[in-house]
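In what follows, a single structure is set out as structure tokens and then discussed.
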Amino acid sequence: MKLTTAFYLLLSTLFVSPVMAQYATQDTVHFAGEKHFKNIKQLTFGGDNAEAYWSYDGKSIVFQKTNPKEGLFCDQIFMAKVPFNNDEKFTPKMIGTGKGRSTCSYFLPDGKHIIYASTHLGADTCPPVPDRAKYGNKYIWPLYNSYDIFMADMSGKIVKQMTSAKGYDAEATLSADGKKMIYCSDKSGDLELYVMDLKSGKEIRVTNELGYDGGAWFSPDGTKIVWRASRPKTQEAIKEYKELLAEGMVAPTNMEVFVANADGSNPKQITALGQANWAPNFTPDGKHIIFCSNHEYKRGFPFNMYLIDLEGKGLEKISRDKGFDAFPMFSPDGKKIIFASNRNNGGTRDTNLFVADWVE
């Protein structure tokens, strides 16, 4: 899920938030100080485009998109080949149902199927957006209980329903070998992470502390996981968390990055920066985490991307947009990075996708 289009994710999913996006007024695709990026290319132009993730062969991406001008009033899933030279065009194709709201799509290794979460079994229409005024105008994510995870082919045909528990099931990604899926669910009464074996359907719960656990990824070698989590400690914070959860909501404004072994053992908090630290992912060597954070800014924005090692040391700022940079994912060969950003949006609230060569 995202702060936009999911906060979005501040984040689908769950997003880039229009409230934040309005501050992105610099029309550039590459800011000074972004030394890890080279040859940045903008892929989308208009609407909210986010959570773009590579296929296993590194040739395509799958992502979610909202654009009322195109009749897309909440996130739907699209797939496209990534143009690597100027002769190629970026031509996304919808492969979601076009019904309900969708989020968090991910390719299977065969390149012929994806998994994603959708509310379409609950209704064909977009689910209602929370009234933030009811919650003191705090940023709130809805945990739609009609979200389940599905497998679909490239024509958009759903071939398998992966989850069916009552409540919120979403935010799925796969291990590098494509055998295991990690996702977030509230079926225990709290927001926890589960790892499912795709072949057998058997699963284990890998988090157990009170608070939101979600947005998880496996390390490249499959031995570890990284995720974002809230850990309410005071009586007031615990009360607020439980009350929101009972209403199918969560406030993603105080999260940190955690790592653990793939079975959930030896969990460790990596960041202690305050505010919202989320959308973590491993670097190709598995030795660092790239994540999104607003910790530098008391007003809650911008959101930029940062690197940190697995011991929580060596924090380095990676991106410099004045609005929103998030959802980084490295290509399978580690040579490119794709991310969502408010940059070069002409002062609008648009969030677009960008791909760049990664420079060590």
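What do you get for trypsin sites (Lys or Arg not before Pro) in segment 143-217 restricted to DSSP loop and a cutoff of at most 11 other Cβ within 10 Å of the site's Cβ?
On the way: sites: Lys157, Lys160, Lys166, Lys179, Lys180, Lys187, Lys199, Lys202, Arg205; in loops: Lys157, Lys166, Lys179, Lys187, Lys199, Lys202.
Of the trypsin sites (Lys or Arg not before Pro), the ones in loops of segment 143-217 whose Cβ has at most 11 other Cβ atoms within 10 Å are Lys157, Lys166, Lys199, Lys202.
Note down the nm distance, to one decimal, between modelled labels 7 Å out along Cα→Cβ at Asn137 and at Asp197.
Between Asn137 and Asp197, the simple spin-label model gives 5.2 nm.
Please compute the length gained on full extension between Leu315 and Asp177, using 0.36 nm multiplied by the number of residues separating them and subtracting their Cα-Cα distance.
Between Leu315 and Asp177, full extension yields 46.7 nm more.
How large is log10 I(q)/I(0) at q = 0.16, 0.20 Å⁻¹ when the Debye formula is applied to the Cα atoms of segment 105-201, each weighted equally and without solvent?
-0.72, -1.02
Quantify how much of the Cα-Cα distance distribution of segment 19-358 extends past 31 Å, in percent.
Summing the P(r) of segment 19-358 above 31 Å gives 26 percent of all pairs.
With contacts defined as alpha carbon pairs under 8 Å and 6 or more residues apart, what's the relative contact order of segment 134-228 in percent? If you can, show how the numbers build up before the last one.
On the way: 187 pairs, mean separation 18.3, N = 95.
Relative contact order comes out at 19 percent.
Write out the chymotrypsin sites (Phe, Trp or Tyr not before Pro) in segment 294-358 meeting two conditions: DSSP loop, and at most 16 other Cβ atoms within 10 Å of their Cβ.
Values: sites: Tyr297, Phe303, Tyr306, Phe324, Phe330, Phe339, Phe354, Trp358; in loops: Tyr297.
Answer by residue number: Tyr297.
Once both labels are modelled 7 Å past Cα along the beta-carbon direction, what's the Val159-His30 spacing in nm?
With each label placed 7 Å out from Cα toward Cβ, I get 3.9 nm.
Segment 211-296: which trypsin sites (Lys or Arg not before Pro) are DSSP loop and have at most 16 other beta-carbon atoms within 10 angstrom?
Details: sites: Lys224, Arg228, Lys233, Lys239, Lys242, Lys268, Lys287; in loops: Lys233, Lys287.
Sites meeting the loop and neighbour criteria: Lys233, Lys287.
Tell me, what is the percent relative contact order of segment 19-358, built from C-alpha pairs under 8 Å that lie six or more residues apart? Working shown, then result.
Working: 935 pairs, mean separation 67.1, N = 340.
It rounds to 20 percent for segment 19-358.
Could you list log10 I(q)/I(0) for segment 226-354 at q = 0.12, 0.15, 0.16, 0.20 Å⁻¹, which the Debye formula gives when each Cα is one point scatterer?
-0.51, -0.78, -0.88, -1.21
Taking the alpha-carbon centroid of each part, what is the distance from segment 111-161 to segment 292-332 in angstrom?
Value for the Cα centre distance between the two parts: 26 Å.
Largest first and in whole Å, give the semi-axes of segment 133-190's equivalent ellipsoid, each being the square root of 5 times a Cα gyration tensor eigenvalue. Walk me through the numbers before you get to the answer.
Values: eigenvalues 143, 39, 30 Å².
Value: 27, 14, 12 Å, ordered largest first.
Just so you know, all these numbers are worked out from the coordinates, no wet-lab data involved. Here the structure is a predicted model, which means the values were calculated and not measured. Because the Cβ atoms are built from the backbone with ideal geometry, glycine has one as well, and the counts that use them run over all protein chains shown.
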